[in-house]
Amino acid sequence: MGQRSQIYIHFNVSGNEGMIARYFQWNYGKHMVSRARSIMEFLENQYKGNPFMFQGTENITRLNRFCDIDFDMRNMDISVDILEYCKSNGIFDTESIFGQPNNDGQLLIDVTDNGIRYCFIEYYTDPNPMNAEQYMKWNTECETYPDRHEPDDYKERNIAFIDAVAELMTEQEVREFLDRDYSLLLGEAPKF
């Protein structure tokens, strides 16, 4: 079925709250770390200090599409918008958003007025946060290939950048990210 993974970006900046959720068929190891770095760099350069960038659909669409680009490998993967899928099927629960088929982990990015927090996790039911280095080790090393995580310029540069601009989430923060009620962001009518 391929290398399946997801990237989730939640933002709550100056009262503008939203979420981006992307499902990838071929996004794993150094590709996931490359995307993490480029997304965080885009947020740092284009969005930081500009709360208006989190308003309206145009800027959010730009950020959404930015997730598909792997600048290091110079390719673009067409990902699926998980939230649009949920909306079109009338599904608004946490499991539908985060319980996508997965064998290469999930990236969570939380952007607030206080900065960027992130982590990699194996799957939403196991919310143990990993930094980029730990994710690479988890996702690429195995008994057959014990030395697959050999350093290279891309990986080391990406990991260093992520460490410099974002803070690793705690397990409690991961649980809060995953347990948040996203139904209003998806447009579900309130229940009375």
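The values are calculated or read from the model by the stated rules, or taken from the named source; none is laboratory data. Only a predicted model underlies this, so the values are computations on that prediction, with no experimental measurement involved. Neighbour counts are summed over all protein chains in view; Cβ atoms, including those assigned to glycine, are modelled from backbone coordinates with ideal geometry.
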Of the residues Val111, Val80, which single one is at negative phi and buried (at least 20 other Cβ atoms within 10 Å of the Cβ)? Val111
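Considering every residue within the range 16-23, establish whether at least one is in a strand (DSSP E or B), among the charged types (D, E, K, R), in contact (Cβ under 8 Å) with a residue 24 or more places away in the chain and under 21 Å from Tyr118 (Cα atoms).
yes
Out of Arg22, Arg74, Arg62, I need the residue that is among the basic types (Lys, Arg) and surrounded by 15 or more Cβ atoms within 10 Å (Cβ to Cβ). Which one?
Sole residue among the options that is among the basic types (Lys, Arg) and surrounded by 15 or more Cβ atoms within 10 Å (Cβ to Cβ): Arg22.
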Suppose we filter the range 173-192 for residues that are hydrophobic (A, V, I, L, M, F, W, C), modelled with pLDDT under 85 and either under 27 Å from Met130 (Cα atoms) or in contact with a helix residue (DSSP H, G or I) (Cβ under 7 Å, 6 or more places away or on another chain) (or both); how many remain? 2
Evaluate the following for Ile69: is it at pLDDT below 90, among the aliphatic types (A, V, I, L, M) and more than 16 Å from the chain's Cα centre (by Cα)? no
How many of the residues in the range 29-68 are over 20 Å from Asn139 (Cα atoms) and either free of Cβ contacts under 8 Å to residues at least 60 places away in the same chain or out of contact with any Leu (no Cβ under 9 Å at 6 or more places or on another chain) (or both)? 25
